[in-house]
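Working notes, beginning with the structure itself.
The values are calculated or read from the model by the stated rules, or taken from the named source; none is laboratory data. Remember, predicted model here, so these are calculated numbers, not experimental data. Every residue, glycine as well, gets a Cβ built from its backbone with ideal geometry; the counts of neighbours run over all protein chains shown.
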Amino acid sequence: MAKATVLRLRRGTTAEHTSFTGAQSEVTHNTSTGRLHLHDGTTQGGIPLARLDELPEGGGSGTVTSVDLSAPDGFDVSSEPVTGSGTLTFAFANGYQAFTTAESERLELLDPSKVMQLETTIDYGTLTDA
């Protein structure tokens, strides 16, 4: 049976953390808040990390004032930038299109580099007058 390895971190109360400067990249456990603190070697108390239950659900909140989109050759983007509200339109440029996998496989059959070349030599012999 494999022996379990236990990782123990330095620990202390909030008051103890405020007077402690940990080594760079050291992690300590705050027993008052249940948070981990990441230390940089200079900041007293380190940087307290958020607990999972403290993180907001969903994508967060905020305001976006402008959204723009650039696309590679073969695509067109219209209605950009969007400010306030609106829709970005992303479509194939004239002369470009997409293929399904099945269509692509059929097109490969038309690729001249993938067509088997047959070369034959026919010897008609020597022609003589009869």
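Residues in region 40-55 that are charged (D, E, K, R) and either closer than 15 Å to residue 24 by Cβ or in contact (Cβ under 8 Å) with a residue 24 or more places away in the chain (or both): 40 alone. Residue 62 fulfils the conditions (1) at pLDDT below 90; (2) more than 30 Å from residue 83 (Cα to Cα) except for a single criterion, (2). If you go through region 14-55 and keep only what is in contact with a Pro (Cβ under 6 Å, 6 or more places away or on another chain) and not in a strand (DSSP E or B), you end up with just 35. Residues in region 10-59 that are under 30 Å from residue 84 (Cα atoms) and among the charged types (D, E, K, R): 57 alone.
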